[in-house]
Amino acid sequence: MVFNSLAFAAFFAIVLLLFSLPLEWRTRKIILLLASYVFYAAWNPPFVLLLWISTVVDWYAAQGLVRAQRQGARRAWMLLSVVANLGMLSYFKYGTFVLANFTMLMAKLGIEFHPAAMDIVLPVGISFYTFATMSYTLDVFLRRAAPARNFLDYALFVTFFPHLVAGPIMRPTELVPQFEQPRRVNSNQLGFGLALMTLGLFEKVVLADSFLSQAAERVYDRGGMPGVVDAWIGTLAFSGQIFCDFAGYSTTAIGAAMCLGFAMPDNFRFPYAAIGFSDFWRRWHITLSAWLRDYLYIPLGGNRHGAARTYCALMGTMLLGGLWHGASWTFVVWGGLHGLYLSSERWLRTRFATYAPGPLALFGFGLLTYVLVNVTWVLFRAKDFGKAWTVLRGMVGANAGAKPILDTFSLVSVGLIVLGIVATHWLMRRRTLESVVAESSPALLALAWGLMAFSVVIAQGTGNAFIYFQF
């Protein structure tokens with residue numbers, strides 16, 4: 001079940017109705033828990049078992065961590081959680097990838113190896129809920145947080161349907177306390193939540209799917225060598241598509257949670273207005289960036305043990321972050337490029353610590369950041385290195401004899417939409433959506449809401465599954 005479907009609209013209306021009934025708080029939470037299982041089971045019912053396993057293992061691991069007196073026992077409970085969670089993630093997400101690379105290695109060594117096909121089906125959202133559950137036991141192990149008071153609240157944290165399959169990646173300390181006290185939604189929360197859902201669906205269904213996806217598909221998924229214009233427009237189309245797709249999901253999820261009376265953190269803060277790559281990762285997929293920082297970068301040494309250790313920690317974090325996004329070497333290289341960007345930026349900041357750029361220089365750095373981020377999107381979007389290399393060659397005009405791929409309408413529409421996205425990000429760089437809403441007239445807000453809702457209805461049926469569901 002995806003947010004951009006009539007089935008979800010009916011499902012959400014029923015959940016809102018049942019959750020608003022005058023029942024005791026525990027009963028209402030059970031309704032939410034069962035609804036979340038129904039939401040996930042709509043993709044593949046047997047995979048609910050994986051959710052149960054992850055939930056039960058981490059619940060008892062956290063209880064064991066609290067009761068354990070010896071450090072060895074605490075490490076054993078933590079190891080149980082890590083092995084169970086990363087074991088399932090590794091098998092379902094990376095099993096085929098590892099087997100293919102092992103087979104290739106054997107062939108290079110002159111050894112014939114013909115394994116049986118694994119035919120592994122990737123459970124939707126497994127990377128997201130695995131990171132969420134692991135943060136629970138890691139925080140308890142590191143004594144950053146106490147375990148949840150009851151199993152129902154913890155199980156609801158794991159399965160809460162707005163964030164279950166594509167984030168934001170929630171921490172138990174952010175969501176479990178909200179389940180402890182009864183919550184009722186007022187009219188302002190409901191209205192703003194529905195408006196956020198409309199905005200998110202507009203980004204996904206209208207911008208990402210109806211206008212931007214086709215240009216990216218023509219350049220990246222069809223034969224032929226793109227020229228300079230086609231390569232750049234196709235890549236810019238994907239940069240806009242993936243933002244509108246993923247930010248649209250996050251905005252819809254935050255709005256759905258708000259309609260039920262719960263708060264979830266922002267996952268995007270206008271990233272295409274970033275000045276530098278550390279700024280970009282403070283604005284793009286914020287909850288993943290924070291997770292990687294707290295549970296990977298800092299344990300690897302962070303910036304506490306000298307420059308060399310810091311650069312190694314940055315590269316290691318981003319390489320693993322790339323692999324988290326997909327079981328392919330193109331994703332690893334994508335992460336490695338961002339690691340290289342972050343390391344280079346850190347070195348330059350140290351080398352020119354006294355330099356104070358003016359407004360024009362800041363804009364130039366922002367433009368350079370945007371261009372280099374788009375270069376990395378080529379590796380993220382291309383299905384293999386051959387296609388990535390073809391597009392990169394096209395971007396620098398090295399594809400001799402390239403024939404036009406995109407028509408005039410695609411070139412103009414993608415150019416205008418991407419320009420609008422980037423301009424909006426720069427206008428909103430130091431602002432929040434809430435502040436803009438507070439300053440705008442109700443009539444203008446109602447008009448914008450109505451136009452977005454109308455556009456979503458008109459475009460309904462043309463949308464695809466969210467890109468990040470594959471992760």
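Since every read-out is calculated from the coordinates, none of them should be taken as a lab result. Please read these numbers as outputs of a predicted model, since none were measured by experiment. A quick note on method: Cβ atoms are made from the backbone with ideal geometry, for glycine too, and the neighbour counts reach across all protein chains shown.
Using the per-residue mean of other Cβ atoms lying within 10 Å as a proxy for protection, in what order, highest first, do the peptides 364-375, 134-145, 103-114, 47-58 fall?
Averaged packing, sorted descending, gives the order 134-145, 47-58, 364-375, 103-114.
Each other residue within a Cβ distance under 15 Å of THR424 adds +1 if Lys or Arg and -1 if Asp or Glu, for a net charge of +4. Taking label points 7 Å from Cα along the Cα-to-Cβ direction, ILE53 and LYS403 give a separation of 5.0 nm. Length gain on complete extension for the stretch ASN303 to SER90, per 0.36 nm per residue less the alpha carbon to alpha carbon distance? Taking ASN303 through SER90 to full extension adds about 73.8 nm, to one decimal.
For the peptides 8-17, 34-43, 179-188, residues were scored by their other Cβ atoms within 10 Å and the scores averaged per peptide; the highest-first order is 34-43, 8-17, 179-188. Take every pair of alpha-carbon atoms less than 8 Å apart whose residues are at least six positions apart; their mean separation over the length of the stretch 21-184 yields a relative contact order of 32 percent. Among THR424, THR251, the order by Cβ neighbours within 10 angstrom, fewest to most, reads THR424, THR251.
Once the cut-off is 27 Å, how many percent of the Cα-Cα pairs in the stretch 189-470 end up in the long-distance tail?
Numbers: 17681 of 39621 pairs.
Of all Cα-Cα pairs in the stretch 189-470, 45 percent lie more than 27 Å apart.
Label point of ASN464 set 7 angstrom out along Cα-Cβ; within the stretch 116-138, amide nitrogens under 18 Å from it belong to 122, 124-125. If the viscosity is 1.306 mPa s and the temperature 10 °C, what Stokes-Einstein diffusion coefficient in µm²/s follows for the chain when Rh is the Kirkwood radius over Cα pairs? It diffuses with D of about 66 µm²/s by this estimate.
Beyond 27 Å, the tail of the calculated P(r) for the stretch 21-184 holds 35 percent of the Cα pairs.
Given their separation in residues at 0.36 nm each and the Cα-Cα distance between them, ALA68 and LEU367 gain 102.3 nm when the chain is fully extended. Among complete DSSP H helices in the chain, those whose alpha-carbon atoms stretch at least 18 Å along the helix's long axis and whose mean Kyte-Doolittle hydropathy reaches -0.5 are 6-19, 25-41, 48-67, 71-108, 126-141, 187-201, 228-259, 307-325, 329-351, 359-381, 408-427, 442-459. If R0 is 60 Å, the Cβ-Cβ spacing of ALA448 and LYS108 corresponds to a FRET efficiency of close to 0.55. Peptides 411-422, 438-449, ordered by how many other C-beta atoms sit within 10 Å of their residues on average, highest first, read 411-422, 438-449. Cβ-to-Cβ counts within 10 Å put HIS305, HIS338, HIS285 in ascending order as HIS305, HIS285, HIS338, the fewest first.
Mean residue ellipticity at 222 nm, helices only, the chain: -21500 deg cm²/dmol; runs of at least 4 DSSP H residues each add -39,500 (n - 2.57), and the sum is divided by the number of residues.
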